[in-house]
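Undergrad: Just passing along the structure, written as structure tokens.
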Ligand code: SF4
């Protein structure tokens with residue numbers, strides 16, 4: 001791991017450790033044997049040690065079954081950010097499972113990615129009851145966790161799925177149809193906004209704009225990262 005990335009990870013670790021020490025009711029370790037000040041020897045430990053944390057920073061802690069931190073390649077160059085876990089995700093503790101998850105897998109496949117190559121997470125890590133929209137204070141409470149994930153994974157490109165993900169990451173209230181169709185600079189990382197797969201299931205007329213967004217994403221990915229076999233778009 002290079003020095004810069006290690007410094008960022010160390011800063012993140014110190015931040016959450018400090019939060020845990022100051023506000024024990026908000027974060028605490030699931031595994032009592034794990035020391036808050038322990039040294040982390042492997043990259044896996046350093047990168048995702050929050051998986052052994054329990055978070056109670058917002059009201060969603062009272063109704064969730066699982067915290068859905070995220071899933072995938074912890075060194076991914078492409079990161080996908082959705083809105084919040086739904087019923088199936090809450091039950092299984094994994095993001096994007098069920099019908100919307102299968103559609104997302106197919107979208108990724110269409111641009112030459114296996115799901116395991118990318119990292120997938122959400123703005124909120126816990127399910128809002130009845131899949132209601134995220135509330136502003138919930139987004140505010142949960143965002144530091146996503147920021148921390150972005151710092152530690154270090155994606156080269158981000159794809160947001162749905163209105164809340166796009167608006168939150170780009171810090172704007174603009175509607176999704178104004179945000180999509182172009183790349184945004186998100187703290188130095190190119191970010192593309194598109195529709196959520198669950199919305200696509202309800203609105204098949206959005207298939208074409210999503211296809212345009214993900215094609216553009218793959219072309220930019222090749223220009224920036226260039227670690228994949230040649231790919232050429234074909235009509236979907
Ligand atoms: S939604 Fe985020 S901030 Fe709220 S309890 Fe879950 S992990 Fe914590």
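The values are calculated or read from the model by the stated rules, or taken from the named source; none is laboratory data. All values derive from a computational prediction rather than experimental measurement. So basically every Cβ, Gly included, is an ideal-geometry build from the backbone, and we count neighbours across all protein chains shown.
Undergrad: Going by what's in this entry, would residue 45 be described as within 16 Å of residue 155 (Cβ to Cβ), outside the structural domain of residue 206 (by TED's automatic domain parsing) and either more than 17 Å from the chain's Cα centre (by Cα) or at pLDDT 95 or above (or both)?
TA: no
Undergrad: I'd like the full set of residues that are assigned to a loop (DSSP other than H, G, I, E, B) and more than 16 Å from the ligand (Cβ to nearest atom), limited to the stretch 60-119.
TA: Residues satisfying the conditions are 73, 74, 75, 76, 77, 96, 97, 111, 112, 113, 114, 118.
Undergrad: Quick check, is residue 108 modelled with pLDDT of 95 or more, within 22 Å of residue 202 (Cβ to Cβ) and more than 14 Å from the chain's Cα centre (by Cα)?
TA: yes
Undergrad: Condition first: in contact with a strand residue (DSSP E or B) (Cβ under 9 Å, 6 or more places away or on another chain), in contact (Cβ under 8 Å) with a residue 24 or more places away in the chain and away from the ligand (no atom under 13 Å from the Cβ). Can you find one or more residues in the stretch 126-138 that meet it?
TA: no
Undergrad: Follow-up. Only residues that are more than 18 Å from residue 103 (Cβ to Cβ), modelled with pLDDT under 95 and in contact with a strand residue (DSSP E or B) (Cβ under 7 Å, 6 or more places away or on another chain): list them for the stretch 70-88, please.
TA: 70, 73, 74, listed by residue number.
Undergrad: Go through the stretch 192-232 and give me each residue that's without any contact (Cβ under 8 Å) to a residue 40 or more places away in the chain, surrounded by fewer than 17 Cβ atoms within 10 Å (Cβ to Cβ) and in contact with a helix residue (DSSP H, G or I) (Cβ under 8 Å, 6 or more places away or on another chain).
TA: 207 - this is the single residue of the stretch 192-232 that is without any contact (Cβ under 8 Å) to a residue 40 or more places away in the chain, surrounded by fewer than 17 Cβ atoms within 10 Å (Cβ to Cβ) and in contact with a helix residue (DSSP H, G or I) (Cβ under 8 Å, 6 or more places away or on another chain).
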